[in-house]
């Protein structure tokens, strides 16, 4: 999943500049929707975040002026699930910039998963047989400090409808492709109009069978899961599969739980992928709670990722041996369907690599 590098202005978020022809049911849209207002009101500076949590302004180890290209961004809904006064809160740790981000341990890179070598057209990555990924938007609703695409050159990817033509043509001309993944950034940052236009072009390609959406918005900005979005996703020919990204059971409460249930009740399969993160979920209680909470919400635990070694995220790394031990213990505690696959992404490999 991805974080984001470009900061949205309100007109861009709302799709005001869109000038594309869409199906009648999506031609008109309200000027600003609830989710867009929520995104515009996200916390965007470290002092405000610390003050609202009741934490000291001079909290040790915190970077008060994070990298300009990857600043703090925390939606209100996600903030409300943090524990006030707890600097070790697992949600806070995922978003709080630390001075350690300036360290570059050996083996950490700008492009740890080989996105650049997999780029076959603007906005299109093709790594694995039968499926390709579209970087549908370069922005996200939250900036996770471990994001493996925090250095991705989003400015080089499509920013208008006509710029998607080479990628759509490449998909149309490759009948080995049966599934398209919309990722980013986050694809749900697109307005309903632009999302509908993109999905419509994919829906018209006969050899495509499935549409997979990788998004963190149902977790961090649950307001985005509207009735209109669900209608859009269930009205196309393609089988839609939703993959969300949650790392801790504390994230899966309140309006987030409601959003996940809305997707599931619409008949959309929902899976979760997590990243093994030091100080967040690197203990058996946290991982077991996450998996059980997912299952209770009808969300299937899918992957537990070994950290992608991106520059700026070295302080999150947990050893592979620890991860294997945690998965072994999960198998003794939980039914098989509740245990995610422990995987690592190795550039150039034909699939995610299981760690056994």
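The values are calculated or read from the model by the stated rules, or taken from the named source; none is laboratory data. Quantities reported herein were computed from a predicted structural model and do not represent experimental measurements. Heads up, the Cβs are rebuilt from the backbone with ideal geometry, glycines too, and the neighbour counts pull from every protein chain shown.
Summary of values
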item	result
Test: residue in the range 62-69 that is touching a strand residue (DSSP E or B) at 6+ places or on another chain (Cβ under 7 Å), over 30 Å from residue 190 (Cα atoms) and part of a loop (DSSP other than H, G, I, E, B)	yes
Residues located in the range 311-345, provided they are in contact (Cβ under 8 Å) with a residue 12 or more places away in the chain and out of contact with any helix residue (DSSP H, G or I) (no Cβ under 9 Å at 6 or more places or on another chain)	317, 320, 322, 323, 324, 343, 345
Close pairs from the range 235-259: first in a helix (DSSP H, G or I), partner at pLDDT below 95 and crowded, with 20+ Cβ neighbours inside 10 Å, Cβ under 6 Å, at least 6 apart	none
Residue match in the range 40-56 (condition: exposed (fewer than 14 other Cβ atoms within 10 Å of the Cβ) and at pLDDT below 95)	no
Neighbours by Cβ (under 6 Å, 6+ apart or cross-chain): first from the range 208-233, at negative phi; second at pLDDT below 95 and surrounded by fewer than 20 Cβ atoms within 10 Å (Cβ to Cβ)	223/34
Residue, farthest from residue 145 (Cα to Cα), within the range 260-284, restricted to residues that are in a strand (DSSP E or B) and touching a helix residue (DSSP H, G or I) at 6+ places or on another chain (Cβ under 6 Å)	270
Subset tally (residues that are in contact with a strand residue (DSSP E or B) (Cβ under 6 Å, 6 or more places away or on another chain), farther than 21 Å from residue 165 by Cα and surrounded by fewer than 18 Cβ atoms within 10 Å (Cβ to Cβ)) for the range 99-128	0
Which listed residue, of 157, 179, is over 17 Å from the mean Cα position of the chain (by Cα), modelled with pLDDT under 95 and surrounded by 14 or more Cβ atoms within 10 Å (Cβ to Cβ)	157
Contacts under 9 angstrom Cβ, first residue in the range 278-302 being more than 17 Å from residue 253 (Cα to Cα), partner part of a loop (DSSP other than H, G, I, E, B) and at pLDDT 95 or above, 6 or more apart	278/307; 278/317; 278/318; 279/88; 282/276; 282/318; 302/340
So residue 200, is it touching a residue at least 60 places away in the same chain (Cβ under 8 Å), part of a helix (DSSP H, G or I) and over 23 Å from residue 39 (Cβ atoms)	yes
Residue match in the range 319-337 (condition: assigned to a loop (DSSP other than H, G, I, E, B) and surrounded by 18 or more Cβ atoms within 10 Å (Cβ to Cβ))	no
Every residue from the range 57-78 that is within 21 Å of residue 140 (Cβ to Cβ), modelled with pLDDT of 95 or more and buried (at least 19 other Cβ atoms within 10 Å of the Cβ)	72, 73, 74, 75, 77, 78
Residue that is farthest from the chain's Cα centre (by Cα) [pool: residues in the range 338-356 that are closer than 11 Å to residue 306 by Cβ and assigned to a loop (DSSP other than H, G, I, E, B)]	355
Test: residue in the range 257-266 that is farther than 26 Å from residue 37 by Cβ and in contact with a strand residue (DSSP E or B) (Cβ under 8 Å, 6 or more places away or on another chain)	no
Any hit, the range 211-221, residues being out of contact with any strand residue (DSSP E or B) (no Cβ under 7 Å at 6 or more places or on another chain) and over 29 Å from residue 69 (Cα atoms)	no
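Quick grid of which residues meet (1) closer than 30 Å to residue 232 by Cα; (2) free of Cβ contacts under 8 Å to residues at least 24 places away in the same chain:
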| position | (1), (2) |
| --- | --- |
| 114 | no, no |
| 129 | yes, no |
| 141 | yes, no |
| 146 | no, no |
| 149 | yes, no |
| 165 | yes, yes |
| 189 | yes, no |
